[in-house]
Amino acid sequence: MTGVDGPQGQDGPQGCKGVEGEGGPLGQGGPMGDAGQDGSDGAQGPEGPIDPALQILVDQLRARIDDLVSQIEDCCNVTVPPPAPYPPSPPTNGAVQHLGAGIVCVTYAGAVENGAAITHCEIEAREAGGATVSVLDAAPLSLKEFMNLSPGTWTFRARCTNSAGTGAFSGILAALVI
């Protein structure tokens with residue numbers, strides 16, 4: 001079996017069919033239509049797509065602000081109301097494994113909730129110069145199986161949703177030639 005080493009060991013992510021380890025079905029998996037039914041290609045900032053590296057910096061700044069607010073509350077015996085939640089930041093870590101016969105298992109992690117629990121994530125498989133297939137996962141799952149992918153070069157990315165909205169797509173989490 002070939003593939004990318006997964007976070008659970010050399011045989012790839014546990015829980016994927018055909019992978020040594022726990023094994024077992026992951027759910028239905030399959031096409032849900034093209035990402036962005038309205039023709040969009042993911043979350044956009046005022047100037048276009050949000051750069052994942054910039055999103056990481058924004059998340060770090062927000063975490064630092066939260067630390068400062070806590071220090072002020074402790075020092076001054078006041079309570080600062082929590083900020084309103086905002087959409088999750090995109091996943092930053094991913095791996096992919098080809099299980100054979102057009103079946104691919106994708107793992108992802110690293111999405112930050114940003115004040116509200118993640119309700120689901122969308123994982124997108126995009127064939128170079130061809131089809132786009134998206135599937136939704138109910139949180140907190142962090143792996144998804146794609147079935148019936150045609151031979152070619154595929155890239156995978158993800159974005160998550162909470163009560164404040166849908167975050168930006170990640171950069172390419174993983175790529176695979178089938």
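Starting with the fewest neighbours, write out 105, 76 ranked by other beta-carbon atoms found within 10 Å of each beta-carbon.
Ascending Cβ contact count within 10 Å gives the list 76, 105.
Cα-based Rg (one decimal) and Dmax (whole number) for segment 66-108, in Å?
Taking only Cα atoms of segment 66-108, I get Rg and Dmax of 20.9, 63 Å.
Residues of segment 151-171 with the amide nitrogen closer than 14 Å to a label point 7 Å from the Cα of residue 119, along Cα-to-Cβ, please.
Backbone N within reach: 160-167.
State, in angstrom, two size descriptors of segment 56-135 derived from its alpha carbons: Rg to one decimal place and Dmax to the nearest whole number.
Taking only Cα atoms of segment 56-135, I get Rg and Dmax of 18.9, 63 Å.
Could you put 80, 133 in order, starting from the residue whose Cβ has the fewest other Cβ atoms within 10 Å?
Sorted ascending by nearby Cβ count, the order is 80, 133.
When the dipole is taken about the Cα centre of segment 97-178, and only Lys, Arg (+1) and Asp, Glu (-1) are charged at their Cβ, what size is it in debye, to the nearest 20?
Using Cβ point charges on Lys, Arg, Asp and Glu, segment 97-178 gives about 100 debye.
When the Cα centres of segment 112-136 and segment 79-93 are compared, how far apart do they sit, in Å?
18 Å
With 10 angstrom as the radius, rank 86, 108 by how many other C-beta atoms surround their C-beta, starting from the fewest.
86, 108
Readers should treat all values here as calculations from the given coordinates under stated rules, not as data from a laboratory. Given the structure is predicted, the values throughout are model-derived calculations rather than measurements. A quick note on method: Cβ atoms are made from the backbone with ideal geometry, for glycine too, and the neighbour counts reach across all protein chains shown.
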